[in-house]
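Report on the structure given below.
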Amino acid sequence: MRIHLTNLGAVTLLEPNNFRQLDVLIDPQPEEQLHQAVARIGTWGEDDHIWLSPSVMRFMSDHGGEPAWEAGFAKMLAYADEHDWVNAEGNVRAHLVYSDSDEVVTQDEFKAAMRALPAGVSAISTGRGDDVAGMIVSSLTSISAEPPLIGFFVHENSSMMEHLLANGTFVANVLGSCHTSLMASFLSEQQGPARFKHGDWQLGSERPPVLTDALASIECDIVNTTILGTHRLFVGKIRKSTVKEKEPMVHFNACTYRLQNHEEKAIA
Ligand SMILES: Cc1cc2nc3c(=O)[nH]c(=O)nc-3n(C[C@H](O)[C@H](O)[C@H](O)COP(=O)(O)O)c2cc1C
């Protein structure tokens, strides 16, 4: 097993079924960030190691409770105990491996690559009554059909962040080419009801605003969020959805486009 203390805010457990190796891989990162990451998984040892909490490892493995995994994990802990690698608190000693190279593209290179990616545009809504909030995203993506999950990414400075975290529900309204003024008010108005002045919104006290003429309105409960770099991933379990056949809005190279059916080719 290897626990990776990334420099993008996430701590992940790799190779959960490898019980013959245990170490901690550390990306180059500010000391304060590293100390916070270590506090999530255990405590610092005196020399070049960390004492890992077995219950944290079980949680991170995604296999806790599975008989075969539990048997392998118990064997690994017993082997560590025999070698005096388990301390009085029951934590296990793991070596540190420092990754020294972390070559990445520049922000300009990143943006150029992402501008080449065509994407749909959606208006995410949350809250109810007078306390509503919304944002435009192009990061909405399908995750899983069983259970039905979608997700999107929100910048840490977005005014939408606190509303999503407080409400725990959202509607992803997939926009059509007819929704340009709706998109403009979402992008220019203050966060709150003012963003919903354009468009055929169904505003009620029961659920977040639903755009009645959206290509799809997908009503979700937030079931998971993860911080990744400057963004937080929101994963929603779909409770209800409605679909309308319309022309979509497509975002590409910092512009929005209509989709024209010059050539239509079915996949598979
Ligand atoms: C086409 C388009 C797609 C966008 N996609 C995202 C996105 O996926 N995630 C995100 O955080 N912001 C995205 N933004 C930026 C937000 O819509 C918004 O402008 C930004 O979060 C600032 O919002 P605020 O004024 O509510 O803080 C996108 C903007 C546009 C124009």
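Quick look at the numbers
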read-out	value
Residue that is farther than 20 Å from F153 by Cβ and part of a helix (DSSP H, G or I), where the choices are A268, A194	A194
Filtered residue count, the stretch 130-162, keeping only those that are open to solvent by 40 Å² or more (accessible area, probe 1.4 Å) and either more than 9 Å from the ligand (Cβ to nearest atom) or among the β-branched types (V, I, T) (or both)	10
Long-range neighbours under 9 Å by Cβ, at least six apart or interchain, first residue over 24 Å from L117 (Cβ atoms) within the stretch 238-251, second open to solvent by 60 Å² or more (accessible area, probe 1.4 Å)	K240/R207
Residue list for the stretch 167-212, filter: more than 27 Å from K246 (Cα to Cα) and without any contact (Cβ under 8 Å) to a residue 24 or more places away in the chain	Q190
Tally of residues being buried (at least 17 other Cβ atoms within 10 Å of the Cβ) and touching a helix residue (DSSP H, G or I) at 6+ places or on another chain (Cβ under 9 Å) across the stretch 226-255	3
Residues that are within 11 Å of the ligand (Cβ to nearest atom) and open to solvent by less than 40 Å² (accessible area, probe 1.4 Å), drawn from the stretch 114-129	A119, V121, S122, A123, I124
Filter pass, F186 being near the ligand (Cβ under 10 Å from one of its atoms), open to solvent by less than 10 Å² (accessible area, probe 1.4 Å), within 25 Å of S142 (Cα to Cα) and touching a His at 6+ places or on another chain (Cβ under 9 Å)	yes
Qualifying residue in the stretch 206-225 (condition: within 14 Å of the ligand (Cβ to nearest atom) and open to solvent by 30 Å² or more (accessible area, probe 1.4 Å))	yes
Output for the stretch 23-51, where each listed residue is basic (K, R) and more than 16 Å from A10 (Cβ to Cβ)	none
Residues (outside any strand (DSSP E or B) and closer than 18 Å to W201 by Cα) located in the stretch 121-145	V121, G129, D130
Failed condition for R258, given (1) exposed (fewer than 13 other Cβ atoms within 10 Å of the Cβ); (2) within 16 Å of the ligand (Cβ to nearest atom); (3) at pLDDT 95 or above	(3)
Failed condition for K111, given (1) without any contact (Cβ under 8 Å) to a residue 12 or more places away in the chain; (2) away from the ligand (no atom under 16 Å from the Cβ)	(2)
Any hit, the stretch 19-29, residues being closer than 22 Å to H231 by Cα and β-branched (V, I, T)	yes
Residue match in the stretch 146-167 (condition: under 22 Å from S205 (Cβ atoms), touching a helix residue (DSSP H, G or I) at 6+ places or on another chain (Cβ under 8 Å) and either modelled with pLDDT of 95 or more or assigned to a helix (DSSP H, G or I) (or both))	no
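The values are calculated or read from the model by the stated rules, or taken from the named source; none is laboratory data. What you are looking at is a predicted structure, and each value in this text was computed from that prediction instead of being measured. Quick reminder, even Gly has a Cβ in these numbers, built from the backbone with ideal geometry, and neighbours come from all protein chains shown. Accessible surface areas use protein heavy atoms only, side chains included; no ligands, DNA or RNA. Shrake-Rupley method; radii C 1.70, N 1.55, O 1.52, S 1.80 Å.
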